[in-house]
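Please treat every number below as a calculation from the coordinates, not as lab data. Owing to the predicted nature of the structure, the values given are computational and were not obtained by experimental measurement. Here the Cβ positions follow ideal geometry from the backbone for every residue, glycine too, while neighbour counts run over all protein chains shown.
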Amino acid sequence: MLAGGQVSLAVGFLAMLIALLLGTMIGILAGFIKSLDGPLMRLPDLFLALPILPFLLVIILLFRDTLRTLYGPEAGIFLLIVFVIGITSWMHTARIVRSDVLGIKEREFVTAAIV
């Protein structure tokens, strides 16, 4: 039972790390570069509009056998689960980071530092 808990914690931590890094990078880029703001923020809208379960099933069916042969059956499925959860969990982080960047960009100390 303890080994299953360790695997679950590892999956959760690594998937959260992927989602946090991806969401932070996209949010910062969208907040700082105005020309990228529209396209980058439509990407989370697209992911949030799609049903997650069919998307997950398609990704698992496409990459399951390849990852099993490359990394072995346990590690391949582990990496696939971590990747899929991380890829489908970054949208809210990107929106929050973008709104914070846009708010901080308009502050007085930032405009004073630019001038």
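Could you pull the Rg and Dmax for region 2-114, using just the Cα atoms, both in Å?
17.7, 56
Which ordering of Ile77, Ile33 is given by a fewest-first count of other beta-carbon atoms within 10 Å?
Placing the least packed residue first, the sequence is Ile33, Ile77.
Which FRET efficiency value, to the nearest 0.05, is calculated for Ile104 and Val7 with the Förster distance at 35 angstrom and r the Cβ-Cβ distance?
0.35
Step through the residues of region 71-79 one at a time and calculate ³J(HN,Hα) from phi using the Karplus curve (6.51 cos²θ - 1.76 cosθ + 1.60, θ = phi - 60°), rounding each to whole Hz and writing x for Gly and Pro.
With coefficients 6.51, -1.76 and 1.60, one gets 10, x, x, 6, 5, x, 5, 4, 5 Hz.
Note down the net charge around Pro39, summing +1 for each Lys or Arg and -1 for each Asp or Glu among other residues with Cβ under 13 Å from its Cβ. Write out the running numbers ahead of the final one.
Numbers: positive: Lys34, Arg42, Arg98; negative: Asp37, Asp45.
Overall, the nearby charge balance is +1.
Defining a contact as two alpha carbons under 8 Å apart and six or more residues distant in sequence, what relative contact order in percent does the chain show?
Answer for the chain is 44 percent.
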